[in-house]
1. Please find, within segment 323-335, the residue that is nearest to the chain's Cα centre (by Cα) out of those that are in a loop (DSSP other than H, G, I, E, B) and within 25 Å of His310 (Cα to Cα).
2. For Thr340, all conditions in the list (1) surrounded by fewer than 24 Cβ atoms within 10 Å (Cβ to Cβ); (2) of a type in the set (Val, Ile, Thr); (3) more than 13 Å from Phe135 (Cβ to Cβ) hold save one; what is the number of the exception?
3. Could you please find all residues in segment 349-366 being over 30 Å from Gly133 (Cβ atoms), of a type in the set (Gly, Ala, Ser) and either outside any loop (DSSP other than H, G, I, E, B) or at pLDDT 95 or above (or both)?
4. Going by the structure shown, is Leu278 within 21 Å of Leu190 (Cβ to Cβ), at pLDDT below 95 and crowded, with 18+ Cβ neighbours inside 10 Å?
5. Inspect segment 173-180 for any residue being over 22 Å from Gln29 (Cα atoms) and touching a strand residue (DSSP E or B) at 6+ places or on another chain (Cβ under 9 Å) and give the result as yes or no.
6. If you take the residues of segment 225-250 that are in contact (Cβ under 8 Å) with a residue 24 or more places away in the chain, of a type outside the set (A, V, I, L, M) and not in a loop (DSSP other than H, G, I, E, B), which of them is farthest from Val39 (Cα to Cα)?
7. Look at segment 100-113 and say how many of its residues are exposed (fewer than 10 other Cβ atoms within 10 Å of the Cβ) and either outside any strand (DSSP E or B) or among the acidic types (Asp, Glu) (or both).
8. Of Ser261, Ser250, which residue is in contact with a strand residue (DSSP E or B) (Cβ under 8 Å, 6 or more places away or on another chain), in the same structural domain as Lys180 (by TED's automatic domain parsing) and small (Gly, Ala, Ser)?
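The values are calculated or read from the model by the stated rules, or taken from the named source; none is laboratory data. Since the model is a prediction, treat every value here as computed from it, not as a measurement. Quick reminder, even Gly has a Cβ in these numbers, built from the backbone with ideal geometry, and neighbours come from all protein chains shown.
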Amino acid sequence: MKRALMALAGLGLGAACATTAGTERQSQQAMVKRSRAQVPAPPWPAEDERGMANTQGRGTWLRCAWHLDDPNAKAYELSHVSTNTMPMSPFAPPLRYEPRPTSGLPGTRHAVNGEDYAAGDPGNQGTQFDAFGHFGYLPEPWNGQGGTFPTDSVRYYGGLRQADVKPTPTSPLLKLGLDKVPPLITSAVLLDARSYVGNGQPLHAGQRVTAQDIEGMLQAQGLGWRGLLPGDVLYIHTGWEDLWANPEGSQDYYTRGPGLSYDAAKYLAEKAITAVGLDAPFVDAVPEGMLQGKAAPAEGTPPGLPFAIHHQNLSQAGIHLLENVHLAELAADKVWTSCTMILPLRIKGAVGSAVRPVSIGAPASR
């Protein structure tokens, strides 16, 4: 009799949980429907400098607010702690902080501490954010001969010319720099490629997350009803960040990595997302030996564009990139949708910024 009563109670609890989950889904669906009419869509005006960030506003804030109002929501740090011993990008000087000695102010009781950037490029090390002016393109591949790079032929996002963006070798970006990026406060989608593509293992170097993979993950994670919405930020968990904290693996972290396929980048442009971030160093898939000139770029990469994802997102579609994003905790809690806030530093004319993105969302019921 006791077991029967417990079974009935369990059935009742399960039904209540199912009803609650169904009610939450209906609430979220209604909110998403309301938000759609409030999110602008491309094409953008001539000489635009914001790209898909033009979607940010009341509609994306509405989608954020739904998550902020969830009583079970948690805040998740999506950046790695920046240190002198973290993996360093080969494309920028290594970063080195030097603490200053504790000092005082004569005649006061104050003790003051500080630190200096002794060396390196803080905008291109650690968890980082790329402005559109980070990448331009030529009409034809440069052969590297002649000693002078043909800057007069360079074009940028929106067809802007070198004279518009960076007219002299030492000038900052006059257009398409960090100071033109608005606050990104919007809904985020996390796709778990480690589980879906890697069968629970980290993706390997050069492995690509394709458009088909993205659609498959949306369905597998119960997000097929919403898909990717204009103004979303897309985070993709590959598992490559396992090497970040591994003292042995961290030496290899920046030598190769998984990333997006070219068709995936095109797909994301069609969806008008604002930014895409991976827990990997490049966002582009980089096979073993590619950086050393010993291997070709990933399959499907257009000729002359080994970093085709940077090219497509930054100079064509107007989609920002985040690299070295910390996604392990968000993925472990299966927080597939959340409110994310990304606030790169407002450095005039800069191409990249150290960034501390956060997401706020409710862990899945366990």
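1. Restricting to residues being in a loop (DSSP other than H, G, I, E, B) and within 25 Å of His310 (Cα to Cα), the top hit is Val325.
2. Going through the list (1) surrounded by fewer than 24 Cβ atoms within 10 Å (Cβ to Cβ); (2) of a type in the set (Val, Ile, Thr); (3) more than 13 Å from Phe135 (Cβ to Cβ), Thr340 breaks only (1).
3. Residues satisfying the conditions are Gly361, Ala362.
4. No.
5. Yes, that holds for at least one residue.
6. Ser250
7. Going through segment 100-113 one residue at a time, the tally reaches 9.
8. Selected residue: Ser261, the only one of Ser261, Ser250 that is in contact with a strand residue (DSSP E or B) (Cβ under 8 Å, 6 or more places away or on another chain), in the same structural domain as Lys180 (by TED's automatic domain parsing) and small (Gly, Ala, Ser).
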